[in-house]
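To keep things clear, I will list the structure first and then write my remarks on it.
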Amino acid sequence: MSEHTTTGMVTVTIDDVTASVPKGTLVIEAARQLGVMIPHFCYHPKLAPDANCRMCLVEIEKMPRLQTSCSTQVTEGMVVRSSVPTVKQARKSVLDFILANHPLDCPVCDQGGRCDLQDFSHEYTASGTKFVELKRVFQKEYFSPVIETQMNRCVQCLRCVRYCDEVMDVRALAPAGRGTLTKIKSFGVHELDCEFCGGCVQICPVGAITSRLSMYEFRPWMLKRTESTCGYCGDGCQMTFQAKDNDLIEVNSTLGVGRNNGDLCSRGYFGYHANVHEDRLQSPMIRCDGELVEVPWEEALAVVAEKLTAIKSANGADAIGGLIASRCTNEDLYLFQKFMRVVIGTNQLDSSARYGHMNGIHALQRVQGTHRWSMSFDDLLSANAILTVGTNLTETNPITALKVKEAVKRRGAELITVEALEPAIGTISNIALLSTHHLPLAPDQFASGTIGLLKAVIQENLVDAELVAHAKDYIDAIKKQVDAISWTDIEARTGLTAEIFQDSAKVFTRAERAVILVGQGVLRSQGGYGMTLNLMDLLVLTGKLNRIGCGLAPLAEENNDQGSVEMGAVSELLPGGKDCRSREAQQSLEAAWGCSLPSGEEGTLMDMLGKAKRGILKAMIIVGENPIGSLPPDSGIEDAIGKLEFLVCQELFLTDTAKRADVIFPACSYAEKDGTFTSTEGHTQAVRKAIEPLGESRPDWEILSALSVMMDHPLEYESVKAIGKEMRDLMPGTRTLGPSPLPPRPCLDTLTQYLQEGYQDTLATRYCLPGMKATHTFVLNVGQSIFHSGKFSTRAKGLIQIQSQGVLSMHPEDAERLGLACGDGVCLENQLGQVKTTVKLSDRIPCGVLFFPEHFDQDIQRLFAVSVDNDTHVPYFKCAHVEVSKAS
Amino acid sequence: MAKYEKILLKNMEQPGYTGSLKEYEQTGGYQAFRKVCEGMAPSDIIETVKLSGLRGRGGAGFPTGVKWSFIPKDHPGPKYLCCNADESEPGTFKDRQLMERDPHQVLEGMAITCYTIGAETAYIYIRGEFWLGAKVLDQAIAEAKKAGYLGSNVLGTGKTINIFVHRGAGAYICGEETALLESLEGKRGKPRFKPPFPATHGLYQKPTVVNNVETLANIPHILNKGAAWFAAIGAPPKGTGTRIFCLSGHIKRPGNYEVPMGVTFREMIYEIGGGMRSDKPLKAFIPGGASAPFLTPEHLDVKMDFESLAMAGSMLGSGGITVMEEGTSMVWAALRLMEFFYHESCGKCTPCREGSSWLVQTLQRISRREGRMSDLDLLLDLCKSIEGRTVCAFGEAEVSPIVSTMRHWRSEYEELIREAEAAHPVKQEIPVLSQI
């Protein structure tokens, strides 16, 4: 209801100012545009009007009694008065009413100093209240580990309840009781159990709902604000760090700022403490007699420079490899790859984008010749149909999920969800509940689901007529492939009949604007590259690839996966996403850098580990990445790292990998440095220093720069801005802060090439159904929890209070069959080993599937085999087939 | 008593009448519905109801035909009829009798209304405490379904009409039409702000008519006997038809009485009701349920129709007349009602939520003889700040006992306060800065 129809303008006069505003604008919004601030509590631009606080009453000519400006739309010639005595008296009386029961405990209220009630009271009720009766007092009740409620302060505007319902689609909160005895409560007799997005805290106009993480720690005017970008997922939310005494006190977000437009998720809102955790490494360390000892920077740098130079001269530059985390800033990533390519002189380098994002990038490059989405976040909102495949969107990319929720709930988009999810109502939102077509699948069968959709497109003659005229061979080739696959085989793997695929395919094809979101379930799973290419085929076949508002969007799990790609921090790509084998790209880069590029072969993560195992790779520089923590033992990671002659880590914490290092450089977190992150849609946004670096920690780029100087190949920059300038000169369009750039259009030459022959070589492997698990086994899937991101977030005290350990989720029907109850010990077993863990029941996951959050227990990793993609070299290790038994 | 012809209570006053379908049919029941189903155009039905001058019997008195005409005719998708049987207004008990004793009369009215507005589904939102009414209605619905008056293909017209009984959970506010719809949807019973009105955005945001039980019960009779017949009864042109009044309080013969609109209160209380219980003089009466302002013996000759009562400063409301004899404390009476309104304020909007608690506490204090003269102006100030500033009409209702008793019997308040001031003399007030 809050969308404004822009068909036509109307003239409105508010407090003697006349202006034209779009028809349908609410009076309160029109007033704001005219510079008239109408006080309010319950109104919020994100929410449908509720008109309950009665604070925004105004006088409107030709209307009886005062009207609520938050629920009245302007009409032609409307005359509104907001500062006449009757209106002022009404506001004063509403405040009198609110203050009657409000405790006036401002001195101990965390909202004090930024409270709407304080501000309006100051403006309208200069004298005291006439209320002499007893104030209503609620007993203090424990609400949740991270959210505090003080219901005596509540003004019953219900913004929190409405936000939780309308925006988040969670419905964890409700008013309970009647009249003045109404309280905001969570459902059930237990403490609050929800997504913990913090939205209720942020949207509360008073101090009724506050964060326990910063309780009593500050007064708002003591806080130093720093606008920055969230460092958890690829959504790239804009947020504000609030710091005091070089400590992070809280995080806020602002309506109208960034793609998140004031929304955050639990990681963004309650996860900031990971940056300032007490275990942060604060000085450089080198290994002496097997022990890590603290040394001055000069000494640590000298040891590394000397050792790397020695290895390089003895074994060649390709004996040294580099690995960087996609959590680093673009400047760090850029300098890292330049360091590896120029100072070391090798192409043996990779980033954590390799874990999955590269599959999406390669598919985009192959079919449409871009290394970014050819659509934007806004296209999600205006889509007529959205297809999500293996995204588990609400948990992995919560803000992207909000856009999908808005598209469906407010704009009537049709949603097709191909997910390892059941549409169960639960404590967190469930995208399957919003979908018009839901295709629940086991996480190892997304390929079958994708092929089912393609088969339906071909079979139902939904192929774009123009394509039929131009690319008959391509269509025939795909037709041949899907014809060879029977519906029976698809049904055996998916449990879904041809009908739902046909219906979904029709909905998708019919949509004027159709968007495909591809998540970790595809990108990080066996055959992820092939599946993504197949989904690109779906766009091509339905004639949507080159249509405005349509596109395929691989969703990045880490905040700067996209930046890693664009900065060239992966072996096969040079800065700007250029092919490192392209002579043209090499020459232009050599000209810019004034040196020659390495001629050795590329080495991705898995290549490097293989070479390390064989003793060919002697040394590694690992920046912020923890491969021992990420990869399962089956990868031989321990062996590979153990065989290295020399390991340097730049780290925040003493991770499993850093523990093996010969030298550790203490890096600082993104809250302590300037730079940029590139969001999953390709928007480069500023990261700003909120606090000074802890201890002696330094930004990663500074460390690499210092090392380059020590290695007689100086890459010196005055500041992070100087790197930014070099990047911008090299890659036009990078680091342009401000509004996001227009998404690139698909390159038609690349598409033509793909339709002629590009599709051929992988066709047979990707149009092929995955194997089926034995009936008595389960598909065990490790993936992301809504409350965590990688291992980093497990250092955030707020998030740990919400979720402190991993337990295995199982569908209640499976549990019943196995005689398991919530909290029982279970034993998981396959050919790789046996692991014990605890089970919890969840009707959110399909029968026959087990889910374990990837952030915790390393032990479970033993059950996973690693396979490497032939084309993209992405290691797959997220799914395993296991037998389950009750632990004795 | 035979002075006035009864319409709605006529059947049930026959000895031995049980309200079964058979008996109802014998008295001419479902003839109107048959007539309608024989092919009457909905627009003709609406026109007839409009011409009859029938106005809503729930309290607000909105013309029924006009309300029906607001339903968009070409709306794709479902439309709904909701029968408001929440009857939560204190002193009102007419709908209960209509539902318990002659359920088919209500069902026939509903069936005709569904036919007219094009609704396939209708709900009876019945007050939770009316368990008998709910049971009787359920049985009657089953009977009517069996006889082909309800269900699919009603009377061979191909139309579907299903009626469901939904029991409320005990909130006064759920008698307010939008709160009723919220509650019916399974949400918290809280009023919606209007516009949009239920006619376009009602139950599940679909076009919906909400009518009171008594209103719907009138429909078959209007269609049977014609608009002109109905329009001639009572106090035309604005108060047509009969009205069931619920007499209670200090009266000899409390109960439901159906009389034409426009009868005077004097006749109602002294002739029909048999006069005051203890033969003490009448002191005050509430003419239309607890939300209607109190009236005094001076108003005995006011006619019981919408316009006359509005001119007398009160309202016809739900038809609940509560009579109070000489010796009743008006502060107590106002407090008693105020306690009710405080308990029932849903809490959605600020003035009503906070105001009701403030008013009740102040009244309790005055009544405990702890009041101060300044409290009286404060009470009126508060009432003024509530009235017209709330989401629904509850705001007007809750202030009416205080405003009207203060208008007519302010001295009783002052008396209690004088006693309080004598017992606890006012101390020197600390001067406020601005007054020095």
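Below is a table of values for the structure above.
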quantity	calculated
Condition check for A:V94: under 18 Å from B:C349 (Cβ atoms) and either more than 14 Å from chain B (Cβ to nearest Cβ) or touching a His at 6+ places or on another chain (Cβ under 9 Å) (or both)	no
Cβ pairs under 8 Å, 6+ apart, first in the stretch A:48-65 and within 14 Å of B:K194 (Cα to Cα), second part of a loop (DSSP other than H, G, I, E, B) and of a type in the set (D, E)	none
Per-region count, the stretch A:78-91, residues within 9 Å of another protein chain (Cβ to nearest Cβ) and closer than 21 Å to A:V12 by Cα	0
Flag if B:L379 is more than 8 Å from chain A (Cβ to nearest Cβ), under 15 Å from B:F340 (Cα atoms) and surrounded by 18 or more Cβ atoms within 10 Å (Cβ to Cβ)	no
Residue in the stretch A:805-826 that is among the small types (G, A, S), assigned to a helix (DSSP H, G or I), under 22 Å from the mean Cα position of the chain (by Cα) and outside the structural domain of A:N626 (by TED's automatic domain parsing) present	no
Count of the stretch B:342-376 residues which are on the phi > 0 side of the Ramachandran plot and within 9 Å of chain A (Cβ to nearest Cβ)	1
Filter result for B:S308 (assigned to a helix (DSSP H, G or I), modelled with pLDDT under 95 and away from chain A (no Cβ under 14 Å))	yes
Single residue of A:R114, A:R65 found to be out of contact with any Cys (no Cβ under 6 Å at 6 or more places or on another chain), of a type in the set (K, R), at the interface with another protein chain (Cβ under 9 Å from one of its Cβ atoms) and in a loop (DSSP other than H, G, I, E, B)	A:R65
Residue match in the stretch A:101-108 (condition: without any contact (Cβ under 8 Å) to a residue 40 or more places away in the chain, in a loop (DSSP other than H, G, I, E, B) and not acidic (D, E))	yes
Within the stretch B:76-87, considering residues that are surrounded by fewer than 24 Cβ atoms within 10 Å (Cβ to Cβ) and in contact (Cβ under 8 Å) with a residue 12 or more places away in the chain, the one farthest from B:F394 (Cα to Cα)	B:G77
Residue match in the stretch A:142-150 (condition: surrounded by fewer than 22 Cβ atoms within 10 Å (Cβ to Cβ), assigned by TED's automatic domain parsing to the domain that holds A:C200, over 21 Å from B:W358 (Cβ atoms) and free of Cβ contacts under 8 Å to residues at least 40 places away in the same chain)	no
Qualifying positions in the stretch A:845-877 - in contact with a strand residue (DSSP E or B) (Cβ under 6 Å, 6 or more places away or on another chain), closer than 30 Å to A:I425 by Cα and part of a strand (DSSP E or B)	A:V849, A:L850, A:F851, A:F852
Yes/no for A:S525 being closer than 26 Å to A:Q238 by Cβ, in contact with a strand residue (DSSP E or B) (Cβ under 9 Å, 6 or more places away or on another chain) and crowded, with 24+ Cβ neighbours inside 10 Å	no
Single residue of the stretch A:40-61 satisfying the filter (farther than 14 Å from A:V161 by Cβ and among the charged types (D, E, K, R)) that is farthest from the other protein chains (Cβ to nearest Cβ)	A:E61
Residues of the stretch B:348-395 classified as in contact with a Ser or Thr (Cβ under 7 Å, 6 or more places away or on another chain), under 26 Å from B:G58 (Cβ atoms) and without any contact (Cβ under 8 Å) to a residue 40 or more places away in the chain, total	1
The stretch A:117-136: number of residues that are closer than 20 Å to A:G207 by Cα, within 12 Å of chain B (Cβ to nearest Cβ) and among the small types (G, A, S)	0
Leading residue by the ranking (surrounded by the fewest Cβ atoms within 10 Å (Cβ to Cβ)) among those in the stretch A:165-204 that are in a helix (DSSP H, G or I) and within 14 Å of chain B (Cβ to nearest Cβ)	A:L181
Failed condition for A:I516, given (1) within 23 Å of A:Y759 (Cα to Cα); (2) assigned to a helix (DSSP H, G or I); (3) not aromatic (F, W, Y)	(2)
Candidates B:E398, B:E419, B:E325, filtered to the one that is over 30 Å from B:G275 (Cβ atoms), touching a residue at least 24 places away in the same chain (Cβ under 8 Å) and buried (at least 16 other Cβ atoms within 10 Å of the Cβ)	B:E398
Scan of the stretch A:420-446 for residues that are closer than 19 Å to A:E491 by Cβ and polar (S, T, N, Q), ordered by number	A:Q445
Scope the stretch A:570-596; condition crowded, with 17+ Cβ neighbours inside 10 Å and touching a helix residue (DSSP H, G or I) at 6+ places or on another chain (Cβ under 8 Å); matching residues	A:V570, A:S571, A:L573, A:L574, A:P575, A:G576, A:G577, A:K578, A:C580, A:L589
Members of the stretch B:1-42 found to be farther than 22 Å from B:C114 by Cα and more than 28 Å from the chain's Cα centre (by Cα), listed by number	B:P15, B:G16, B:K22, B:E23, B:Q26
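Matching residues to (1) within 14 Å of chain A (Cβ to nearest Cβ); (2) more than 14 Å from B:K79 (Cα to Cα); (3) hydroxyl-bearing (S, T, Y); (4) in a helix (DSSP H, G or I):
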residue	(1), (2), (3), (4)
B:R188	yes, yes, no, no
B:P191	yes, yes, no, no
B:K194	yes, yes, no, no
B:T200	yes, no, yes, no
B:T215	no, yes, yes, yes
B:P220	no, yes, no, yes
B:N224	no, yes, no, yes
B:F230	no, yes, no, yes
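The values are calculated or read from the model by the stated rules, or taken from the named source; none is laboratory data. The shown structure was predicted, so the numbers you read here are calculated from the model rather than taken from an experiment. Backbone-built Cβ (ideal geometry, glycine too); neighbour counts: all protein chains shown.
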